[in-house]
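Sending over a structure as structure tokens; questions will come in a sec.
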Amino acid sequence: MTAVEADLAAGFAATIAAGDRIEPRDWMPEGYRRTVVRQVAQHAHSEIIGMQPEGAWITRAPSLRRKAILLAKVQDEAGHGLYLYSACETLGVSRQDLTEQLISGAQKYSSIFNYPTLSYADVGTIGWLVDGAAICNQVPLCRTSYGPYGRAMIRICKEESFHQRQGFELLATMMRGTDEQRAMVQESVDRFWRPALMMFGPPDADSPNTQQSMEWGIKRHTNDELRARFIEMTAPQAAALGVTLPGNDLDWDEFWRVVKGGGPCATERIAHRKQAHDDGAWVREAATAFAAREPREPQEPRGAAR
Amino acid sequence: MDDNAYAGLLVDDAHWAFGEAAHDDPLAGMDLTVPDGIDPVELASYCLVLGDDALVLGHRLSEWCSRAPDLEEDVALANIALDLVGQARLLLARAAAADPALVPDLPEGSPVPAEDALAFFRDAGDFRNATLVELPNGDFAETVCRVLVFATHRLALFERLSDHPDRALRGIAARGVKELTYHRDFAGRWFVVLAGGTEESRRRLEAGLATVWAHRRELGEDPQAEEVLGRVLDAAGVTAPDVRPPAILGGHTPHLTDLLAEMQSVARAHPRGRW
Amino acid sequence: MTRSEWPLYEVFVRSKRGLNHVHVGSLHAPDDALALRHARDVYTRRSEGVSIWVVRSDAITASSPDEKDPLFAPSGDKVYRHPTFYDIPDDVPHM
């Protein structure tokens with residue numbers, strides 16, 4: 001390490017130690033950069049793939065109000081993916097690169113989205129439990145050390161709290177409906193509870209990256225801490241709904257199988273994303289060709305009239 | 001601390017598309033008295049036509065969700081779909097309030113609101129929408145053409161409705177004008193881009209336009225819409241296709257039956273359900 | 001696969017009258033006109049009465065945070081690395 005590099009590394013360490021943010025143009029260790037890219041990309045991919053399980057019910061939503069709420073929610077997820085890809089781009093990785101890595105399987109997304117959605121109650125359960133777990137994971141990330149990631153997370157967390165509320169409210173409404181609807185809710189909660197708990201990642205003892213990520217301030221709590229917090233928060237909500245939560249015993253062999261692409265819907269999720277990306281290629285190309293041909297037009301507001 | 005830059009952006013739930021959707025009664029606060037000299041049955045029937053158009057096209061556009069050419073377009077198409085589903089809710093609710101006889105019978109004690117009874121419990125034969133909106137999406141170019149033609153016609157119509165004697169319909173139209181102006185602008189811009197993009201985009205645009213154009217007459221003769229569409233086509237250097245309307249005027253294509261089978265499946269499985 | 005990724009734009013929004021435009025994020029668009037429409041769809045979800053600026057990220061010249069940084073010397077930082085999400089100082093509300 002040269003003297004200049006040692007100086008820069010010390011500056012980086014001091015910024016982290018002071019709880020300050022690292023910004024795109026700051027010097028950073030290669031490992032830090034790689035870790036941020038990996039985590040933010042995985043988060044972005046999860047938002048984009050996460051559009052599918054719920055999106056499948058937009059065309060079957062049972063009321064116009066629910067149709068609008070669900071469409072707005074899935075639309076938010078596209079927005080979240082977009083914010084997060086932008087955060088990644090501050091580190092020199094383009095959205096196109098990231099999309100290709102998602103499609104090739106080189107980068108992962110949250111395995112929760114490899115489970116199928118089997119009834120409309122799943123829309124509610126995903127909002128309540130899956131988005132609820134995501135919020136537990138994500139709120140601390142608003143203070144993550146990498147500035148662009150933290151700022152994207154502030155926006156995302158504000159919208160996620162709506163997502164969780166709409167899910168809970170759907171389930172609460174269904175619980176006031178018919179016996180059949182109540183059974184649908186319980187069945188859905190039974191299926192999603194353990195996968196939601198697994199969203200916090202493997203137990204701390206089996207999470208090799210956690211310690212380094214915490215030292216760098218990228219991660220701020222361990223997996224087990226966040227999982228425990230979520231269970232504690234959820235129990236009274238389940239009681240208010242009138243549903244029974246299954247046990248908290250988790251099958252980690254299944255977890256690793258699903259993470260490694262063995263989930264019931266893994267192939268179909270990637271194929272869907274690939275199809276959209278491929279089908280859109282001619283549109284993206286046409287717009288690029290058009291822009292290259294057109295002179296840069298002055299747009300409203302003409303100049304930056306302040 | 002970090003949020004100050006966003007404080008003004010995220011005002012409250014109503015700021016977001018879902019905020020408005022969250023209201024239980026879409027017509028809350030509106031004066032629903034049918035004015036003297038207006039036949040409630042005719043008014044209801046007119047609102048049903050407008051509502052069905054918005055519902056069916058909103059549904060079609062929602063099918064783009066997670067399938068658009070890029071994330072930005074995914075968000076944009078969802079916004080247009082949300083506006084149209086919102087218009088449909090208001091118009092169907094207005095129709096039901098003006099003429100309750102339109103609303104299909106549901107089992108005793110069903111909590112399904114009137115606008116949902118109309119959307120989810122009528123069969124294809126009772127839908128009043130133009131066939132233009134029920135055709136499958138086709139590719140992005142065809143969708144752009146359809147949104148352009150639809151929004152242009154509807155905007156011209158909604159502008160005229162701003163002096164309709166029915167206050168509720170007038171209010172719905174006034175709000176719709178803002179939305180439709182944006183839809184037309186979005187589709188118009190893409191129309192010009194695809195026309196001047198690549199050979200492939202031009203070919204696809206012309207094919208999409210031919211499909212859409214054949215169904216355009218059902219939206220009615222409208223000199224204002226003609227004029228605007230003429231200008232967009234000129235700007236894009238595209239000639240209006242010479243196509244004859246298909247022989248289904250007044251009826252529907254089989255696509256509507258398929259669309260409704262999917263759209264209504266959950267609601268019909270639970271006629272007493274609460275959502 | 002053809003690679004024609006749209007350029008990156010930075011989005012600035014005036015959230016209400018009397019405030020400056022503030023950087024809210026980035027997006028991709030083929031040209032300025034669509035960037036403005038995208039910005040409206042993505043960052044304001046169509047709320048009325050706000051003013052939006054979009055500017056291509058590569059049109060921004062940025063200062064270097066640290067003069068000793070070998071990545072940025074000696075170019076004078078004409079081309080900054082990646083411009084999204086500027087830091088907004090905590091002590092300057094609505095900068």
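The values are calculated or read from the model by the stated rules, or taken from the named source; none is laboratory data. Only a predicted model underlies this, so the values are computations on that prediction, with no experimental measurement involved. FYI the Cβ positions are ideal-geometry reconstructions off the backbone, even for glycines, and counts take in every protein chain you see. When the accessible area is computed, the model is the full protein with side chains, heavy atoms only, and any ligands, DNA or RNA have been set aside. Shrake-Rupley method; radii C 1.70, N 1.55, O 1.52, S 1.80 Å.
For the pair A:Ala235 and A:Met1, how long in nm is the line joining their label points, each one 7 Å along Cα→Cβ?
Rounded to a tenth, the inter-label distance reads 4.6 nm.
Over the range B:35-269, average the accessible area per residue using a 1.4 Å probe and give it in Å², no decimals.
Accessible surface, normalised per residue, equals 37 Å².
So, one more: Give me the distance between the Cα centres of the range B:25-99 and the range B:209-231, rounded to whole Å.
21
Pop out the carbon and sulfur fraction of the accessible area of the range B:35-269 as a percent, whole number, probe 1.4 Å.
Heavy-atom surface of the range B:35-269 belonging to carbon and sulfur, 1.4 Å probe: 51 percent.
Please list A:212-225, A:57-70 highest first by mean number of surrounding beta-carbon atoms within 10 Å per residue.
A:57-70, A:212-225
Still on this structure: Once you've got the Cα coordinates, tell me which of A:Lys274/C:Lys16; A:Lys108/A:Lys219; A:Lys73/C:Lys16 are over 29 Å apart.
A:Lys274/C:Lys16
What is the average number of partner chain Cβ atoms found within 10 Å of a Cβ in A:19-25?
5
What are the residues whose amide H is under 5 Å from the amide H of A:Tyr146, where those residues sit 5 or more places off or on another chain and H is modelled from the backbone?
Under 5 Å from the amide H of A:Tyr146 lie the amide H atoms of A:Ile22, each far enough along the sequence or on another chain.
Could you state, as a whole-number percent, how many of the C-alpha pairs of the protein assembly as shown are farther apart than 45 Å?
When all Cα pairs of the protein assembly as shown are counted, 21 percent exceed 45 Å.
Could you give the DSSP H helices of chain A that reach 24 angstrom or more along their long axis (alpha carbon positions) and whose average Kyte-Doolittle hydropathy is no lower than -0.5?
A:64-89, A:147-175, A:223-241
What angle do you read, to the nearest 10 degrees and between 0 and 90, between the alpha-carbon axis of helix B:254-263 and the longest principal axis of chain B?
It works out to around 50 degrees.
Further, regarding this structure: Calculate one ³J(HN,Hα) per residue across the range B:43-57 by plugging θ = phi - 60° into the Karplus curve 6.51 cos²θ - 1.76 cosθ + 1.60, and present them in order as whole Hz with x for glycine and proline.
Once rounded to whole Hz, the list reads 4, 4, 5, 5, 5, 5, 4, 5, x, 5, 4, 5, 4, 5, 5.
From other protein chains only, count the Cβ atoms within 10 Å of every residue's Cβ in A:146-158, then give the mean.
4
Tell me, what is the 1.4 Å probe accessible area of A:Lys274, in Å² to the nearest 10?
Counting only protein heavy atoms, the figure is 90 Å².
Sticking with this structure for a sec: For the ranges B:51-64, A:84-97, C:13-26, B:92-105, what's the packing order if you count other beta-carbon atoms within 10 Å of each residue, average per peptide, and put the highest first?
By packing density, highest mean first, the sequence is B:51-64, A:84-97, B:92-105, C:13-26.
Go through the range B:47-75 and flag every residue whose accessible area shrinks by 50 Å² or more with all protein chains in place compared to the isolated chain (probe 1.4 Å).
B:Ser62, B:Cys65, B:Ser66, B:Pro69, B:Asp70, B:Leu71, B:Glu72, B:Val75
Looking at the P(r) of the range A:37-110, how many percent of alpha-carbon pairs lie beyond 21 Å?
That tail contains 31 percent of the Cα-Cα pairs.
Sticking with this structure for a sec: Divide the volume of the convex hull of the Cα atoms of chain A by its number of residues and quote the answer in cubic angstrom per residue.
It is 187 Å³ per residue.
Could you tell me how many degrees, from 0 to 90 and to the nearest 10, lie between the Cα long axis of helix B:199-214 and the main elongation axis, the longest principal axis, of the Cα atoms of chain B?
On a 0 to 90 degree scale, this one is about 40.
Now a separate question. Testing the spin-label approximation: label points 7 Å from Cα along Cα→Cβ at C:Leu19 and A:Ala271. State their distance in nm.
Here the modelled spin labels are 4.6 nm apart.
Starting with the highest mean, order A:184-192, B:223-231 by the number of other Cβ atoms within 10 Å, averaged over the residues of each peptide.
Highest to lowest by the protection proxy: A:184-192, B:223-231.
Name the shape class, rounded, prolate or oblate, that the alpha-carbon gyration tensor gives for the range A:136-218, where a ≥ b ≥ c are the square roots of its eigenvalues, rounded holds for a/c under 1.5, and otherwise prolate holds if a/b is larger than b/c and oblate otherwise.
oblate
Based on the alpha-carbon gyration tensor of the range B:35-269 and its eigenvalue square roots a ≥ b ≥ c, which shape applies: rounded if a/c is under 1.5, prolate if not and a/b is larger than b/c, or oblate?
prolate
Within 10 Å of each Cβ in B:194-200, how many Cβ atoms from other chains are there, averaged over the peptide?
6
Let me ask another. Explain nothing, just compute: Karplus ³J(HN,Hα) = 6.51 cos²θ - 1.76 cosθ + 1.60, θ = phi - 60°, for every residue of the range B:138-154 in order, whole Hz, x for Gly and Pro.
Values, residue by residue: x, 8, 4, 5, 5, 4, 4, 4, 5, 5, 4, 5, 5, 5, 5, 5, 5 Hz.
What's the center-to-center distance, using Cα atoms, between the range A:49-78 and the range B:115-129 in Å?
Cα centroid to Cα centroid, the span is 21 Å.
Still on this structure: Provide the per-residue ³J(HN,Hα) series for the range B:178-195, in order, calculated from phi with Karplus coefficients 6.51, -1.76, 1.60 and θ = phi - 60°, each as a whole number of Hz, with x at glycine and proline positions.
Once θ is set to phi - 60°, the couplings for the range B:178-195 become 4, 5, 5, 4, 5, 4, 5, 5, 4, 5, x, 4, 5, 4, 5, 4, 5, 5 Hz.
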